[in-house]
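Here's the structure, in structure tokens; my notes come after.
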Amino acid sequence: MEVRTFSLDVTDSLAVRQSLDGLPTEWRDIDVLVNNAGKALGKSPFHESDLSDMDGMLDANVRGLIHVSRAVIPGMVARGAGHVINIGSVAGKWTYPGGTAYCATKAAVAALTEGMKMDLHGTGVRVSTVDPGLVETEFSLVRFHGDAQAAEKVYQNIEPLTAHDVADTVLFCASRPPHVNINQVVMMCTDQSSSTMVYRHRQPPLGSIPATPDI
Ligand SMILES: NC(=O)c1ccc[n+]([C@@H]2O[C@H](COP(=O)([O-])OP(=O)(O)OC[C@H]3O[C@@H](n4cnc5c(N)ncnc54)[C@H](OP(=O)(O)O)[C@@H]3O)[C@@H](O)[C@H]2O)c1
């Protein structure tokens, strides 16, 4: 399989347009768009949160998804086929304290997914959302602005999902026959039951874990 990579800031709508227009002809007809780029920034109560953190999440998670989707979907519609797979989060379903703005961005992803599905009715273009719970990636390191200790605590004494688990699910959605659309997958590790319910296997020292998980 041939793989082509390029870096792109999804918050920059012009750069998105230029990058897609600049693709060699044989790569321009995009069959599957996975809107994965996103981040959480900070874990403070809403009224103490950094405005630039909140803007950063809205820019990447919502505006970025809109920019890329708006640029790619018309081609799918013209070809009568295509699949948009948005990476949401269980945070879009269950808001948790300290995650207000992040949860709002993922609720927006859920609304965008539902709306796109209806707007694309009859076009042959499929729209899905994969909504994971705790996945051990660089997510928490980014959220805590590089504080490795704080990030490590999020996954302490649990077996979180891996990026492979999520990728495997995205592949499952993308590889269904054309008449099958997986609308939504909500997936969590066995140790997690909601945004705020996480089973930790050994009792860690008092006060060493955050009150709520970081999803
Ligand atoms: N980890 C979890 O627990 C979890 C749970 C539910 C949902 N999610 C969602 O899963 C998705 C992937 O996150 P992850 O866990 O894999 O975190 P990650 O390891 O931090 O990866 C995030 C990716 O998004 C990219 N990105 C961020 N802002 C971007 C921008 N403006 N333009 C282009 N790319 C950008 C990052 O690129 P750079 O490294 O170049 O910045 C990185 O490749 C996100 O949408 C996240 O909200 C994660």
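The values are calculated or read from the model by the stated rules, or taken from the named source; none is laboratory data. What you see is a predicted model; the values in this text were computed from it and never measured. All Cβ positions, glycine included, derive from the backbone under ideal geometry; neighbour counts span all protein chains shown. Protein only, heavy atoms only, side chains kept; ligands, DNA and RNA dropped before computing areas. Shrake-Rupley method; radii C 1.70, N 1.55, O 1.52, S 1.80 Å.
Scanning segment 179-200 for residues that are β-branched (V, I, T), over 18 Å from G88 (Cβ atoms) and open to solvent by less than 70 Å² (accessible area, probe 1.4 Å) returns V180, V198. On inspection, R79 passes the criterion of being touching a Gly at 6+ places or on another chain (Cβ under 9 Å) and at pLDDT 95 or above. For segment 116-123, does any single residue satisfy the condition of being near the ligand (Cβ under 9 Å from one of its atoms), farther than 19 Å from M197 by Cα and without any contact (Cβ under 8 Å) to a residue 24 or more places away in the chain? Among the residues of segment 116-123, not one is near the ligand (Cβ under 9 Å from one of its atoms), farther than 19 Å from M197 by Cα and without any contact (Cβ under 8 Å) to a residue 24 or more places away in the chain, which makes the answer no. Screening R143 against (1) of a type in the set (K, R); (2) more than 13 Å from the ligand (Cβ to nearest atom); (3) under 17 Å from N61 (Cβ atoms) leaves a single unmet condition, (2). Taking first residues from segment 1-28 that are surrounded by 14 or more Cβ atoms within 10 Å (Cβ to Cβ) and partners that are polar (S, T, N, Q), the Cβ contacts under 8 Å between residues at least 6 apart in sequence or on separate chains come to L8/S19.
Screening L33, L41, L51, L14 for residues that are within 11 Å of the ligand (Cβ to nearest atom), of a type in the set (A, V, I, L, M, F, W, C) and at pLDDT 95 or above leaves exactly one candidate, L41.
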